[in-house]
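Chemist: Submitted below is the structure of interest, expressed as structure tokens.
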Amino acid sequence: RRQSGSAITYYQYSADGLLVQTTHVIDGRLQEARLYGYHKAGLATILTVSDGQSNLRTFGMLKDHAYYAYSDAEGGQLFTTFAKGRTIGEYWIGEQKQEKLSVTTYEDGAYSILRKRGDEEILQQYDASGLLVSSKYPSYLVEYRYNENRVLIEERTIEAGGKMTSKKYEEGKLVESTEEAGGRVVQSTRYNEDGSSVQTLYTEGRRYADVTYAVDGKRVLSITYY
């Protein structure tokens, strides 16, 4: 026990010397109680009760993954740490998780995350350096390419019907986008540094017009036909 004025903290230990409970009282009234649980590897849980509220913290290892979870009446969060220090967080409100995660790791250090939100599933693939390389949604797939500095340079979206949209970036800024359908270019857009853009339209794969838009993206400044 430890006392400071009217505040007293009591410590309870198991027969093998492990701390199993701390109780903090002031003027004889409970302020906070903590109960500690253990597994073979060490501390596993801490349950805290104070002023009619409670929260639970959980620690442990699952295969080669370390995890930490915190939950209370408002919701919770779960952090899982993988090889090379990568950490993934899950959050939820109340008792129901908004999203369920399933993580698969590979021998080369790459990993994938399957996210389930209701009936929707999203599969995200990461390479060995932790970069997101693809996101597969129910009706489309997004692929990502990076330069040697780990900066995104291209994003391609492939829809189930065969439509493909490509976006290219330079120094983090979108500079060009292209839409294709049936293997043919439908339109492409170049984005200028001043905020204006030039949209090129195609028919049967052949360019037939350039439309220049103002910074607001709506006002047409010029149209050139070919």
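Chemist: Quick check on the range 157-173: of everything there that is modelled with pLDDT of 95 or more and of a type in the set (A, V, I, L, M, F, W, C), which residue is farthest from residue 216 (Cα to Cα)?
Modeler: 158
Chemist: Looking at the range 117-131, can you tell me whether even one residue there is of a type outside the set (A, V, I, L, M), farther than 30 Å from residue 176 by Cβ, in a strand (DSSP E or B) and at pLDDT below 90?
Modeler: yes
Chemist: Between residues in the range 210-226 that are assigned by TED's automatic domain parsing to the domain that holds residue 185 and free of Cβ contacts under 8 Å to residues at least 60 places away in the same chain and residues that are charged (D, E, K, R) and part of a strand (DSSP E or B), which pairs lie under 7 Å by C-beta distance while being six or more apart or on different chains?
Modeler: If the second residue must be charged (D, E, K, R) and part of a strand (DSSP E or B), the pairs left are 224/210; 226/207.
Chemist: Among the residues of the range 1-50, which ones are closer than 17 Å to residue 69 by Cβ and part of a loop (DSSP other than H, G, I, E, B)?
Modeler: Quick first cut of the range 1-50, residues closer than 17 Å to residue 69 by Cβ only: 34-39, 41-48.
Within the range 1-50, 41 is the sole residue that qualifies.
Chemist: Take the range 212-226 and flag every residue that is surrounded by fewer than 17 Cβ atoms within 10 Å (Cβ to Cβ) and part of a strand (DSSP E or B).
Modeler: Those that are surrounded by fewer than 17 Cβ atoms within 10 Å (Cβ to Cβ) and part of a strand (DSSP E or B): 212, 220, 221, 222, 223, 224, 225.
Chemist: Kindly indicate whether any position in the range 157-168 is surrounded by fewer than 16 Cβ atoms within 10 Å (Cβ to Cβ) and of a type in the set (D, E, K, R).
Modeler: Kept after step one, since they are surrounded by fewer than 16 Cβ atoms within 10 Å (Cβ to Cβ), are these residues of the range 157-168: 159-163.
Going one step further and asking which of them are of a type in the set (D, E, K, R), we end up with 159, 163.
Yes, that holds for at least one residue.
Chemist: Given the structure, is residue 41 assigned by TED's automatic domain parsing to the domain that holds residue 88, of a type in the set (A, V, I, L, M, F, W, C) and at pLDDT below 80? Write out each step before concluding.
Modeler: Values: assigned by TED's automatic domain parsing to the domain that holds residue 88: no; of a type in the set (A, V, I, L, M, F, W, C): yes; at pLDDT below 80: yes.
So residue 41 does not fit the description; no.
Chemist: Does the range 194-211 hold any residues that are surrounded by 14 or more Cβ atoms within 10 Å (Cβ to Cβ) and basic (Lys, Arg), and which are they?
Modeler: 207
Chemist: Here is a follow-up. In the set 186, 198, which member is part of a strand (DSSP E or B) and under 24 Å from residue 140 (Cβ atoms)?
Modeler: Just a single option satisfies the conditions, and that option is 186.
Chemist: Name the one entry in 140, 146, 191 that is at pLDDT below 95 and surrounded by 15 or more Cβ atoms within 10 Å (Cβ to Cβ).
Modeler: One residue alone meets the criteria, 146.
The values are calculated or read from the model by the stated rules, or taken from the named source; none is laboratory data. Predicted model only: the values in this text are computed from it and were never measured. Here Cβ is always computed from backbone atoms with ideal geometry, including for glycine, and neighbour counts include all displayed protein chains.
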